[in-house]
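Below is one structure, written out as structure tokens, with a few remarks after it.
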Amino acid sequence: MAPEANSDKTILFADDDGQLQKFVSALLARCGYNLIIAGNGQEALQKAREFDGVIDLLLSDVEMPGMTGIELAIQLNQERPDTKILLISGLPSGVLVLNSGWQFLPKPFVSEMLRDRIRDFLSEQPPIKEHLPEADGIKVAAPKVAPN
């Protein structure tokens with residue numbers, strides 16, 4: 001994927017593992033994404049609140065000191081409901097309960113897996129109903145049925 005294709009996408013990445021943070025940040029930068037990097041959930045939430053633009057994706061470790069990735073995702077989802085959520089963890093996926101629309105990628109993963117998952121997730125379109133204009137105040141008459 002050409003880096004310029006992603007230059008309009010911003011990812012908030014939260015992970016307390018310094019080595020993984022470097023690896024993932026370098027990968028996402030090579031893919032052309034704009035990055036906001038945080039070492040824990042509280043820092044990520046603060047950076048999100050200070051950022052005026054759109055955050056397209058939260059990529060967060062589940063287990064972090066202080067605020068977990070799930071707590072971060074819940075809070076960020078309340079403040080920025082259009083931000084997609086992708087959680088990563090070494091925990092078995094069966095122990096996690098994810099909100100509707102959230103995705104999970106187990107650790108360890110190879111760079112291609114992460115790159116492809118993010119690309120595919122960001123390219124997903126929301127359900128068509130979210131694109132329809134509101135019909136407040138408009139009444140639709142039921143079709144009249146001719147008597148037999």
message: For the condition polar (S, T, N, Q) and at pLDDT below 95, what is the one hit in SER7, SER25, SER60?
response: SER7
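Let's see how each residue does on (1) in contact with a Gly (Cβ under 7 Å, 6 or more places away or on another chain); (2) over 18 Å from GLN19 (Cα atoms); (3) acidic (Asp, Glu); (4) loosely packed, with under 15 Cβ neighbours inside 10 Å:
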site: TYR33; (1), (2), (3), (4): no, yes, no, no
site: LYS47; (1), (2), (3), (4): no, yes, no, no
site: PHE51; (1), (2), (3), (4): no, yes, no, yes
site: ILE55; (1), (2), (3), (4): no, yes, no, no
site: SER60; (1), (2), (3), (4): yes, no, no, no
site: ILE70; (1), (2), (3), (4): no, yes, no, no
site: LEU86; (1), (2), (3), (4): no, yes, no, no
- prompt: If you take the residues of the stretch 72-84 that are touching a helix residue (DSSP H, G or I) at 6+ places or on another chain (Cβ under 8 Å) and either of a type in the set (A, V, I, L, M, F, W, C) or free of Cβ contacts under 8 Å to residues at least 12 places away in the same chain (or both), which of them is surrounded by the fewest Cβ atoms within 10 Å (Cβ to Cβ)?
  reply: LEU76
query: If only one of SER89, SER111, SER100, SER123 is among the polar types (S, T, N, Q) and modelled with pLDDT under 90, which one is it?
result: SER100
query: Quick one: how many residues across the stretch 53-69 are touching a Phe, Trp or Tyr at 6+ places or on another chain (Cβ under 8 Å) and not aliphatic (A, V, I, L, M)?
result: 1
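The values are calculated or read from the model by the stated rules, or taken from the named source; none is laboratory data. Every value quoted in this text rests on a predicted model; they were computed, and no experiment measured them. Cβ atoms come from the backbone with ideal geometry, glycine included; neighbour counts cover every protein chain shown.
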